[in-house]
Amino acid sequence: MSGKRAVLATAWRVAMVAVAGLLILGGSLAVSGQLGLVIAADSLAAVALVVALASTPAGVREHGVLRPVAAWARAARQRIWPRRAAPAAVRPSDFPAYAKISSDLDWAPVSQWHYDHGLRPLLSRLFESVLAERHRVDLTADPERARSLVGDEVWPLIDPSRPPSFDSSAPGTDLRTLTRIVDRLEQL
């Protein structure tokens, strides 16, 4: 007996939704004419699609013919409401040195002041380390030998004895020049 009641309840709901839809369509035709009918029909279709998308993936068992429909609904739902990825276990704030280097690289082209106070000391330390480790040259004690190894083109950009600029209006070091400096560092 309870099976018949469930079927009757479902049939009653479907009939009520159909009657409500017909009343909406008829009312919109009477009030606004054909344009109102088209707008109401589009709105009802959109509501039906939203209801189907909301209920199909979780509520429909995937049997036979419904399997492709459920797969389509899942894909549509994923496009409309994408799942957010889990937050990364590692955050950029876990690496403050990396954040500082990245910031210095971003600011270096802005002005000579930014390059001289941010990136140039780091590059000087890197060159000092490479020259000491691979060539047994002390950058500060033997600047002429260091200059000959680094090259006349790059030396002024990393020279630790050169006083830093306080001019924030002078152009900084562009990306091409920074690439040349890093390439030279790797070649040493």
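The values are calculated or read from the model by the stated rules, or taken from the named source; none is laboratory data. It should be emphasised that the depicted structure is a prediction, and the values quoted were computed from it without experimental measurement. Methodologically, a virtual Cβ is constructed for each residue, glycine included, from the backbone with ideal geometry; neighbour enumeration extends over all protein chains shown.
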Problem set entry | Long-range neighbours under 9 Å by Cβ, at least six apart or interchain, first residue touching a residue at least 60 places away in the same chain (Cβ under 8 Å) within region 158-172, second aromatic (Phe, Trp, Tyr) | 172/107; 172/113; 172/115
Problem set entry | Leading residue by the ranking (nearest to the chain's Cα centre (by Cα)) among those in region 123-137 that are under 24 Å from residue 105 (Cβ atoms), of a type in the set (A, V, I, L, M, F, W, C) and buried (at least 17 other Cβ atoms within 10 Å of the Cβ) | 123
Problem set entry | helices (runs of 4 or more DSSP H) within region 45-137 that include 2 or more residues at pLDDT 90 or above and under 28 Å from residue 179 (Cβ atoms) | 120-135
Seminar exercise, completed: Of the residues in region 173-182, those that are farther than 17 Å from residue 129 by Cβ and either without any contact (Cβ under 8 Å) to a residue 60 or more places away in the chain or assigned to a loop (DSSP other than H, G, I, E, B) (or both) number 6
Exercise. Can you name every residue in region 138-170 that is part of a helix (DSSP H, G or I) and surrounded by 12 or more Cβ atoms within 10 Å (Cβ to Cβ)?
Worked result: 143, 145, 146, 147, 148, 149, 150, 155, 157, 158
Seminar exercise, completed: Counted residues in region 159-186 being more than 34 Å from the chain's Cα centre (by Cα) and either more than 18 Å from residue 105 (Cα to Cα) or not hydroxyl-bearing (Ser, Thr, Tyr) (or both) come to 8
